[in-house]
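Here's the structure we're looking at; comments come further down.
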Amino acid sequence: MNNTADRLDSTFLALADPTRRAILARLALGEASVTELAEPFEMSQPAISKHLKVLERAGLITVGQDAQRRPRRLEGRPLAEASAWLEQYREAWEENFKRLDSLLQEMQRSSRASRRVVRRKKKRSG
Amino acid sequence: MPVTFEKAQVSLPSDREVRVTRSFRAPRALVYKTYTDPSLVQRWLLGPPGWSMPVCEMDVRVGGRYRWRWRSDKDGKEFGFSGTFREVVPQSKLVHSEAYDPGTVSDDFPTNDALVTVTFIEDAGVTTMTTLIDFGSKEAREAAMSTGMTDGMEQSYQLLDRLLDETRSA
């Protein structure tokens, strides 16, 4: 369990930065070299390389075979674990929120109904 | 930003906090009422299936206390949360401490107080309720979020989907 917890920590740390999330989103479309990854970001290659190192340490990306291009590739497993962990927590809340949805609907229905009654009474007396 | 209904969003803004965001098709005053009127809270804040909320006491004013307790229908075991309201801005913001009392469900020790900030923002008849929980430490967050979670994680690419959406809409 501790290993999982450590892994989750490094995954969430890696995901805490918008540039790194954008890099992952780009890699979800297919592998890419550092030059290709740097292009859309108006960032120097060394700056991008720093982000790539964080992602690599978290196991979120790996370096491909091609020795010249050294393409980065997305690794799905840690992301899937982090996602599953959050998803279970989310579902626990969602159970409550669905009940709250119904309660709010019910309250709004009954307040609309009582407004109608008031209007009808006003008409009759006026 | 598109409003998503019936789907709570969970994010981790720092290594000791969790943020849960959810939108409701109802005015802010009504959503606030369902969070502050004990008889209404008891109708939705029930936790896992098979649990009821026999105790719900809330004195919603600065310095006022609240006590929530849940009971399993199956074996009668209980656990709860309690705390004090630190900030009360009607229809817009609540800040309260939150101490977990493991009651009879486990041998865990009661944890340090977490600090919970709930905000209600209305836009065109839709109210977004955001709950920010500051657990005080990374370890406390991990313990709290793991409570009740099953072992073994399923493969899922939903976070990746979310990342892609985020990049597309950016």
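What are the principal axis extents of the Cα atoms in the stretch A:2-78, in Å, biggest first?
Principal-axis extents of the Cα atoms in the stretch A:2-78, largest first: 37, 26, 21 Å.
Step by step: find N for the stretch A:13-126, compute 2.2 N^0.38 Å, then divide the Cα radius of gyration by it. What's the final number? Can you show the working numbers first?
On the way: Rg = 26.3 Å, N = 114, 2.2 N^0.38 = 13.3 Å.
Relative to the rule-of-thumb radius for its length, the stretch A:13-126 sits at 1.97.
If the viscosity is 0.692 mPa s and the temperature 37 °C, what Stokes-Einstein diffusion coefficient in µm²/s follows for the protein assembly as shown when Rh is the Kirkwood radius over Cα pairs?
Working: Rh = 21.8 Å.
Estimated diffusion coefficient is 151 µm²/s.
Given the C-alpha atoms of the stretch A:61-123, compute the convex hull and give its volume per residue in Å³. Walk me through the intermediate numbers first.
Values: hull volume 6.0 nm³, N = 63.
Per residue, the Cα convex hull of the stretch A:61-123 comes to 96 Å³.
Which residue fluctuates the most in chain A, going by a Gaussian network model with Cα springs under 10 Å, if the choices are A:R115, A:R77, A:R90?
Largest GNM mean-square fluctuation: A:R115.
With a Förster radius of 51 Å, plug the Cβ-Cβ distance of B:V89 and A:Q45 into 1/(1 + (r/R0)^6) and report the FRET value to the nearest 0.05. Could the numbers behind the result be given before it?
Values: r = 48 Å, r/R0 = 0.95.
The value I calculate is 0.60.
If I model a spin label at B:K77 and B:D15 as a point 7 Å from the Cα along the Cα→Cβ vector, what separation in nanometres do I get?
Calculated label separation equals 3.2 nm.
Listing A:L100, B:L115 from the residue with the fewest other Cβ atoms within 10 Å to the one with the most, what is the order? Don't skip to the end; give the middle numbers.
On the way: A:L100 22, B:L115 16.
By the 10 Å Cβ count, ascending: B:L115, A:L100.
Over all alpha-carbon pairs of the stretch B:2-120, lay out the pair-distance distribution in 5 Å bins, whole %, shortest bin first.
Pairs per bin, as whole percents: 2, 10, 16, 22, 22, 17, 8, 2, 0.
Of B:F120, A:M43, B:F135, whose Cα points farthest to the positive end of the dipole of the protein assembly as shown (charges on the beta-carbon: +1 Lys, Arg; -1 Asp, Glu; origin at the Cα centre)?
Final value for the positive-end residue is B:F120.
Only the coordinates and a few stated rules stand behind these numbers; no lab work does. Only a predicted model underlies this, so the values are computations on that prediction, with no experimental measurement involved. Virtual Cβ from ideal backbone geometry, glycine too; neighbours counted across all protein chains shown.
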